[in-house]
1. Which is touching a residue at least 40 places away in the same chain (Cβ under 8 Å), open to solvent by 60 Å² or more (accessible area, probe 1.4 Å) and among the acidic types (D, E), of D48, D79, D24?
2. Which pairs do you get when a residue that is under 18 Å from A77 (Cβ atoms), found in region 103-115, comes within reach of a residue that is of a type in the set (G, A, S) and open to solvent by 50 Å² or more (accessible area, probe 1.4 Å), reach meaning Cβ atoms under 9 angstrom, with the pair 6+ apart or on two chains?
3. Determine which single condition S217 fails, assuming it passes every other condition in (1) within 18 Å of the chain's Cα centre (by Cα); (2) among the polar types (S, T, N, Q); (3) not in a strand (DSSP E or B).
4. Enumerate the pairs (first residue in region 133-144 and at positive phi; second residue anywhere and open to solvent by less than 10 Å² (accessible area, probe 1.4 Å)) with beta-carbon separation below 9 Å, excluding pairs fewer than 6 apart on the same chain, so at least 6 apart or on different chains.
5. Select from region 1-57 the residues that are within 20 Å of the chain's Cα centre (by Cα), part of a loop (DSSP other than H, G, I, E, B) and among the small types (G, A, S) and list them in ascending order.
6. Output the residue which, of all residues in region 157-185 that are touching a residue at least 60 places away in the same chain (Cβ under 8 Å) and out of contact with any Leu (no Cβ under 9 Å at 6 or more places or on another chain), is most open to solvent (accessible area, probe 1.4 Å).
7. Using beta carbons and a limit of 6 Å, which pairs, at least six apart or on different chains, have the first residue in region 204-225 and of a type in the set (S, T, N, Q) and at pLDDT below 95 and the second one assigned to a helix (DSSP H, G or I) and surrounded by 13 or more Cβ atoms within 10 Å (Cβ to Cβ)?
8. Quick one: is G61 surrounded by 15 or more Cβ atoms within 10 Å (Cβ to Cβ), within 21 Å of V107 (Cα to Cα) and touching a helix residue (DSSP H, G or I) at 6+ places or on another chain (Cβ under 6 Å)?
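The values are calculated or read from the model by the stated rules, or taken from the named source; none is laboratory data. Keep in mind that this is a model prediction, so the values were computed, not measured. All Cβ positions, glycine included, derive from the backbone under ideal geometry; neighbour counts span all protein chains shown. When the accessible area is computed, the model is the full protein with side chains, heavy atoms only, and any ligands, DNA or RNA have been set aside. Shrake-Rupley method; radii C 1.70, N 1.55, O 1.52, S 1.80 Å.
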Amino acid sequence: GDGFIENGILKVFMTGFYQAKPGDWGFAWTSANIATFSLPEIKLERIDHFNYPGIHEIHWGHAVCDGDEHHTYIYGAEDKSKNLYVARAPKGNILAPWEFYNGSEWVKDSRQSKPMLAIQGSEQFSVFKLNDKYVLVVQEGGFMTGEIVSYYSDSPWTGWKNRKVLCHTRLPDDVTSTANLFAYNSLAHPQFIENGQLLISSCINSFVVEDVFRDASKYRPVFLRVPVSRIFEE
């Protein structure tokens with residue numbers, strides 16, 4: 001999952017999985033956890049486990065926004081629909097009880113969570129503060145469309161608008177064959193903005209798992225850049 005610095009300590013969300021069915025794609029989500037690492041040596045200090053049940057299975061921690069003065073915002077995608085959800089914790093204390101957005105207000109019961117954005121998003125996505133706005137970058141529509149889109153808002157939990165297709169995922173051109181390959185979980189890296197361009201990564205994998213054992217270059221990230229100005233064009 002996503003990571004951030006809290007009180008000089010590195011916090012990283014980690015997702016638990018288990019083998020629910022036979023086969024390479026038989027894994028299933030089981031829990032959200034957060035690992036604490038000391039800095040600068042990046043030594044694992046502890047792992048804390050969360051239990052925030054929902055009416056739908058929501059994979060929390062795949063995006064974090066720490067740009068607000070009072071709260072850290074934690075995002076998740078619903079397992080089946082891929083709608084995007086948001087929770088929040090007090091700034092500086094991610095382990096405190098979370099609040100959950102129910103479509104109109106913040107509540108303490110995770111089972112009352114409602115989507116902050118009803119789209120078919122990717123499992124992982126990005127929310128960050130830029131130019132005094134909150135920006136959401138997500139691969140929308142599933143593996144086959146490959147549309148990497150942006151929204152922005154004055155708020156990190158609601159009011160998302162100005163949908164823009166920034167680019168499309170691309171497959172690497174230096175592999176022996178792109179047959180069976182797909183791109184997924186596109187992320188923005190705003191800390192690497194250069195010359196007014198935002199760095200975006202996507203993961204590459206194969207629908208045929210044996211492919212990545214025969215050619216390791218088929219299982220890796222690829223990167224591209226898009227103009228930041230495109231996000232804010234009306």
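1. Among D48, D79, D24, only D24 is touching a residue at least 40 places away in the same chain (Cβ under 8 Å), open to solvent by 60 Å² or more (accessible area, probe 1.4 Å) and among the acidic types (D, E).
2. Pairs found: K114/S104.
3. Condition not satisfied by S217: (1).
4. Listed pairs, sorted by first residue: G141/G121; G141/V149.
5. Result: G1, G54.
6. It comes out as W157.
7. Close Cβ pairs (under 6 Å, with a partner that is assigned to a helix (DSSP H, G or I) and surrounded by 13 or more Cβ atoms within 10 Å (Cβ to Cβ)) amount to S206/V212; S206/K218.
8. No.
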